[in-house]
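Here is the structure we will look at.
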Amino acid sequence: YASQPSPLPIPDPTYSDDDEYANVDWDSLGFGLMPTDFMYVTKCSAGQNFGHGQLNRYGNIELSPSAGVLNYGQGLFEGTKAYRKENGQLLLFRPEENAIRMKIGAERMCMTAPSIDQFVDALKQTALANKRWVPPPGKGSLYLRPLLLGSGPVLGLAPAPEYTFLIYASPVRNYFKEGSAPLNLYVEEDFDRASQRGTGSVKTISNYAPVLMAQNRAKSRGFSDVLYLDSNSKKNLEEVSSCNIFIAKGKTISTPAISGTILSGITRKSVIEIGSDLGYQVEERVVAVDELTEADEVFCTGTAVGVAPVGSITYQNKRVDYKTGSGTICQELCKTILGIQTGSIEDKKGWIVEF
Ligand code: COI
């Protein structure tokens with residue numbers, strides 16, 4: 001990711017509520033953590049409903065050393081972005097989709113999840129409480145990171161007896177250090193990201209540390225990230241460590257179908273809909289790694305990543321280059337989705353929550 005020069009160690013407690021903006025160099029935002037003023041926190045016993053959350057000062061949380069999340073990885077996370085409009089209103093993009101995904105993930109991980117309404121309301125509260133950290137229009141967004149943690153103590157392997165739902169926030173802009181320049185991916189063959197009937201489709205924290213080794217190795221060889229293949233045949237595309245993948249050939253856009261090993265990205269789902277509105281044939285199917293040789297374009301999608309062009313992919317020591325920049329499908333999709341997210345393109349789909 002693109003880290004910031006140096007994250008502020010603590011939020012400035014002397015700010016005035018009247019300050020429209022925090023003291024941030026908005027032009028050098030990357031995707032590094034910048035602590036903000038408040039975080040939303042609520043807890044509940046297993047199987048109960050979460051109570052009304054509260055906005056606490058952003059800071060460390062106390063956990064039992066035997067918390068389920070620390071010992072057995074019983075945790076889920078989400079990510080969404082709040083954008084500031086010229087008129088000062090804030091915008092969220094399809095936040096109920098994140099809530100639904102957390103609910104489905106919680107079922108798989110035997111956790112208690114917040115309701116859809118509570119989740120969306122908590123996002124709004126967190127964004128508003130940290131409004132001075134929402135970048136000016138055109139300078140990025142406030143990334144909101146909901147966490148669901150098995151916070152109760154366990155020793156034997158079992159679901160935790162207590163859950164914590166928390167949301168913190170950080171202003172961000174480009175995810176990759178490449179900025180908006182094309183990514184160079186490496187097709188990973190030594191490691192798998194997910195296996196059939198595992199948790200690859202769930203946004204569990206335990207899917208993310210295992211990709212670090214392959215990612216580090218690829219970065220040390222000058223690549224932006226790795227592209228995973230299916231663990232069965234090693235012949236079909238899955239996803240990148242932190243985002244979904246699409247290929248385009250002519251007027252057809254294809255992406256690997258959600259099969260249980262691929263994360264059901266909200267940007268992915270939106271690009272599929274926008275792509276077909278724009279007149280492309282969009283296919284969710286098995287996409288063979290061999291198709292990378294013939295594709296005109298490749299791009300990644302994700303909340304953090306947005307719609308990001310891929311300039312090259314290296315597979316078995318062969319590098320294939322792709323079309324990027326003006327006139328590409330990737331650019332058209334990126335402009336359209338970002339336009340809807342930031343309020344410069346009319347939302348005709350009811351995707352935007354303005355507050
Ligand atoms: C996101 O795109 O919001 C994610 O959750 C991916 C994460 C690795 C930054």
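Against the list (1) within 16 Å of the ligand (Cβ to nearest atom); (2) surrounded by fewer than 23 Cβ atoms within 10 Å (Cβ to Cβ), the condition residue 80 fails is (2).
State whether the residues of the range 208-218 include one that is assigned to a loop (DSSP other than H, G, I, E, B), buried (at least 21 other Cβ atoms within 10 Å of the Cβ), away from the ligand (no atom under 14 Å from the Cβ) and not acidic (Asp, Glu).
Kept after step one, since they are assigned to a loop (DSSP other than H, G, I, E, B), are these residues of the range 208-218: 208.
Now narrow it down to the ones that are buried (at least 21 other Cβ atoms within 10 Å of the Cβ): none.
Looking through the range 208-218, none of the residues is assigned to a loop (DSSP other than H, G, I, E, B), buried (at least 21 other Cβ atoms within 10 Å of the Cβ), away from the ligand (no atom under 14 Å from the Cβ) and not acidic (Asp, Glu).
Only residues that are within 20 Å of residue 311 (Cα to Cα) and free of Cβ contacts under 8 Å to residues at least 12 places away in the same chain were counted across the range 165-218, and they come to 2.
Could you tell me which of the residues 279, 275, 311 is outside any strand (DSSP E or B), in contact (Cβ under 8 Å) with a residue 40 or more places away in the chain, under 29 Å from residue 345 (Cα atoms) and among the small types (Gly, Ala, Ser)? Break it down into steps so the answer makes sense when it comes.
On the way: 279 fails: in contact (Cβ under 8 Å) with a residue 40 or more places away in the chain; 311 fails: outside any strand (DSSP E or B).
That would be 275, the only listed residue that is outside any strand (DSSP E or B), in contact (Cβ under 8 Å) with a residue 40 or more places away in the chain, under 29 Å from residue 345 (Cα atoms) and among the small types (Gly, Ala, Ser).
Scanning the range 154-186 for residues that are within 22 Å of residue 203 (Cα to Cα), of a type outside the set (Val, Ile, Thr), in contact with a strand residue (DSSP E or B) (Cβ under 8 Å, 6 or more places away or on another chain) and more than 16 Å from the ligand (Cβ to nearest atom) yields 159, 160, 161, 162, 163, 165.
Mind listing whichever residues of the range 104-121 are without any contact (Cβ under 8 Å) to a residue 60 or more places away in the chain, surrounded by fewer than 19 Cβ atoms within 10 Å (Cβ to Cβ) and under 22 Å from residue 267 (Cβ atoms)? Within the range 104-121, just 116 meets the criteria.
Which one of 339, 327 is in a helix (DSSP H, G or I), surrounded by fewer than 20 Cβ atoms within 10 Å (Cβ to Cβ), without any contact (Cβ under 8 Å) to a residue 12 or more places away in the chain and not charged (D, E, K, R)? Break it down into steps so the answer makes sense when it comes.
Working: 327 fails: in a helix (DSSP H, G or I).
That would be 339, the only listed residue that is in a helix (DSSP H, G or I), surrounded by fewer than 20 Cβ atoms within 10 Å (Cβ to Cβ), without any contact (Cβ under 8 Å) to a residue 12 or more places away in the chain and not charged (D, E, K, R).
Among the residues of the range 235-264, those identified as closer than 19 Å to residue 295 by Cβ and part of a loop (DSSP other than H, G, I, E, B) are 235, 250, 251, 257, 262. Might you check whether a residue that is crowded, with 20+ Cβ neighbours inside 10 Å, under 22 Å from residue 98 (Cβ atoms) and within 13 Å of the ligand (Cβ to nearest atom) occurs anywhere in the range 230-239? Yes, because at least one residue in the range 230-239 is crowded, with 20+ Cβ neighbours inside 10 Å, under 22 Å from residue 98 (Cβ atoms) and within 13 Å of the ligand (Cβ to nearest atom).
Read the figures in this text as sums done on the coordinates, not as results from a lab. Values in this document were obtained by computation on a predicted structure and should not be read as measured data. All Cβ positions, even for glycine, are placed from backbone atoms using ideal geometry, and neighbour counts span all protein chains on display.
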